[in-house]
Every structure is written in structure tokens, then in C-alpha cells.
Amino acid sequence: DGSANSDVYSWMWKRAPGFFDVVAYTGNGTAGRTVSHNLDVAPEMMWVKGRGNSNNWAVYCKYVAASSPQSYYLHLNTTAARNGSVTYWANTVPTDSVFTLGANSAVNGSGFDYIAYLFASLDGISKVGSYTGTGSNIDVDCGFTAGARFVLIKRADASSTGWGVID
């Protein structure tokens, strides 16, 4: 019908050590399960989604809380604030070779297939981080001389806003 749906977006990233990796795995339902990756650095942000279930996108972010970020999660497809009521990441910080999962079906249901997108900061290429906002006139220096081409923002401490994208 020629109409556009502004709720659907897509971007493509290229897998490359140091800033982005994609991992497919099958869940086993066991807390403490580790999954290998090829990022070669510890992921600062991870998006995980079951490919055959209706669970939300689970998000780990190193900067989601001042302490123990591995105890929290966000959902990429909701406006919900950070939450620590479910141990998606088995209370374990990811390393340069593996990330650890809890038993929750959003990230590790037995027999379900999952996809995980892993991001890290690499000078001149990508930046994962946080800032304290004032509610207006936001100016965040990501360290790029030519300006950022893609920015994803979520207020972590409140459910009042969704994810914002600037590209």
C-alpha cells in the first residue's frame, strides 16, 4: 500500500574483534552456563533474544548501574527501567572470551535457540557508556571528531521513557 511503518527500523553491523560480535546458541536451562564469543574484549553491552519464543530482548549494559551491573537487565523492546529481579546474567560479569547466563527462558531456556549481539568500545569506531542527563540540552562527547552516526539512548532508572535513536 506504499505506507511506511515508523516503528520498524533496521541497521547492519559488521562482526569485528574489539567492537561487535554475533553469537547464536541453544539454551540449556542451567544457571551458570557460559557461551563463547569472538569479541576479544569483555562486552560492555549485550542484546539477547530467543529466536523461537515471545520473550523480550534482554539487555546487559556495563553502565546500567554504578555497582554490580551484572545483577541488572533492561529490555530493548519496552520502556521499563533497569531491573534486578531476575538473574539473566547469573550475577557474572562477561569476560573477553565468554558471557554467563542464568536459567531464565529469556536468555537460556532449555532447547530454545538464541541470538546475542555483543558491543564494546573501540577508539574511533564505537563507544558504549553512560551519562547523567539534565532533561534538556544534552551534549555527550563520545570522542568522535566527525560526530557519531548512530546513538541509542535509554533512561535506565525510570520507566517513563523508551529507547531513543539518533542516526
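The values are calculated or read from the model by the stated rules, or taken from the named source; none is laboratory data. Being a predicted model, the structure only gives us computed values, none of them experimental. Backbone-built Cβ (ideal geometry, glycine too); neighbour counts: all protein chains shown. Please note that ligands, DNA and RNA were not included when accessible areas were found on the heavy atoms of the full protein model with its side chains. Shrake-Rupley method; radii C 1.70, N 1.55, O 1.52, S 1.80 Å.
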Query - Among residues of segment 107-129, those that are of a type in the set (A, V, I, L, M, F, W, C) and more than 15 Å from residue 34 (Cα to Cα), counted - result: 6
Report summary line: Restricting attention to segment 44-84, the residues that are part of a loop (DSSP other than H, G, I, E, B) and out of contact with any helix residue (DSSP H, G or I) (no Cβ under 8 Å at 6 or more places or on another chain) number exactly 17
Requested in this report: Return only the number of the condition from (1) at pLDDT 95 or above; (2) out of contact with any strand residue (DSSP E or B) (no Cβ under 6 Å at 6 or more places or on another chain); (3) closer than 24 Å to residue 112 by Cα that residue 26 does not satisfy.
Outcome: (2)
Report task. Please state which one of 75, 37 is of a type outside the set (A, V, I, L, M, F, W, C), under 15 Å from the mean Cα position of the chain (by Cα) and over 22 Å from residue 155 (Cα atoms). Result -> 37
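One line per residue, one yes/no per condition, for (1) out of contact with any Cys (no Cβ under 9 Å at 6 or more places or on another chain); (2) open to solvent by less than 30 Å² (accessible area, probe 1.4 Å); (3) of a type in the set (Asp, Glu):
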site: 98; (1), (2), (3): yes, no, no
site: 106; (1), (2), (3): yes, yes, no
site: 113; (1), (2), (3): yes, no, yes
site: 145; (1), (2), (3): yes, no, no
site: 151; (1), (2), (3): no, no, no
Query raised in the report: Given the conditions (1) in a strand (DSSP E or B); (2) open to solvent by less than 50 Å² (accessible area, probe 1.4 Å); (3) out of contact with any Leu (no Cβ under 7 Å at 6 or more places or on another chain), which single one is not true for residue 118?
Result: (3)
Query raised in the report: Can you find a residue in segment 157-167 that is in contact with a strand residue (DSSP E or B) (Cβ under 8 Å, 6 or more places away or on another chain), open to solvent by 40 Å² or more (accessible area, probe 1.4 Å), of a type in the set (D, E, K, R) and farther than 27 Å from residue 34 by Cβ?
Result: yes
